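Before any comments, here is the structure.
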Amino acid sequence: MVGLSDVLPNTRTLSGVFAAASNLADVFGGQRGHALAIKLASLDDVFVGSSLLIMHCKSGFVSEGRKVFDEMPERNPVSWATMISGYADERMAKEALNVFEMMGREEEGFEKYVFTSVLSALADPQFVDIGRQIHCLAVKNGLFVVVSVLNALVTMYAKCRSLDDCLQVFQLSSDKDAITWSAIVTGYAQNGDSRKALQLFSKMHFTGIDPNARKRFDYLEEHDIVLWTSMITGYVQDGENEEALSLYGRMLLEGIQSQAESLAQHTAPVRHPEGPIPPGDSAFESFEHAILVSPCHGLVREAAIAPDQLCQVSCTIPH
């Protein structure tokens, strides 16, 4: 076994030890590896130092990580980004900014990983002005077109409650992925603008982007009638009728039924095999009927999501 014989671990082995300790949250094993690295004078290696730094920060020991960081004779972009991310994870934005400024003085340029790390540290309204400065610096460094940086900007502005900036960055991007769409939809939803969130959700659906919407929906602590609508009709359009009905049943159990009346004001009457549904009925009333008969006969037939209006749902209840 390495360390118990005359064979001494090399830098690659030590890096692997720190990575394993980090993934397993094995603090004791990591400390033993750290002591061995000191004994072997291996910490001068940038990869060993970076791996040790990652282990400390990922384990929540950011102060220990900072000691390693300060003692590193050489740092690479991973080292800088890890130290900034470590502070960001502990909500130590000022410390993260200090490291970012330190990098600006000591290094010739910035890597995209560093920008995404520092932007995550600024996800608070009190730092929105600094976030705008970092935004300008990203543009200056030619990194605004990088999707990961774009996503970090959208997320940062959303969490800073600066939705105008958030939307502007989103609209200027020509290369949006699922994370970009998720960030802006979630941003509007969490800031209380559910209608805008639904509009963007609908547009995302039509672009063919896989939204992973259910994960985001379940992640949110509170759901209003518009978010429930977007999820239910999304399932319907994808033909996942059982999921749609199940989610609607969950909505009723959570006491959202009383809000359906307000939704009816925005939802067009649906078609029924026996003729138009009488005035006052709504898509959600048809959903209620579908749930009652779904074990034997219920079937949701179709749905359409329009980006500029709430969902209109058509239901057919076969005989």
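All of the numbers you see were taken from the coordinates with simple rules; none came from a lab. Here the structure is a predicted model, which means the values were calculated and not measured. Using ideal geometry, Cβ is built from the backbone for each residue, glycine included, and neighbour counts are taken over all protein chains shown.
Output the direction-averaged projected area (hull surface divided by four) of the convex hull of the alpha-carbon atoms of the range 83-156, in nm². Please list the in-between numbers first.
Numbers: hull surface 17.2 nm².
If I average the Cα hull's projected area over directions, I get 4.3 nm².
Grab the beta carbon distance between Glu107 and Glu242, set R0 = 45 Å, and tell me the FRET efficiency rounded to 0.05. With R0 = 45 Å, the Cβ-Cβ based efficiency is 0.25. Simple spin-label estimate for Leu253 and Lys67 gives 5.0 nm between the two label positions (7 Å along the Cα-to-Cβ direction from each Cα).
On the basis of the beta-carbon distance and an R0 of 35 Å, Met92 and Phe206 show a calculated FRET efficiency of 0.30.
Arranged from fewest to most other beta-carbon atoms within 10 Å of their beta carbon, Cys57, Cys136 become Cys136, Cys57.
With r as the distance between the Cβ atoms of Gln171 and Ser148 and R0 = 22 Å, compute the FRET efficiency 1/(1 + (r/R0)^6) and round to 0.05. Don't jump to the answer; show the numbers that get you there.
Working: r = 18 Å, r/R0 = 0.83.
Calculated transfer efficiency: 0.75.
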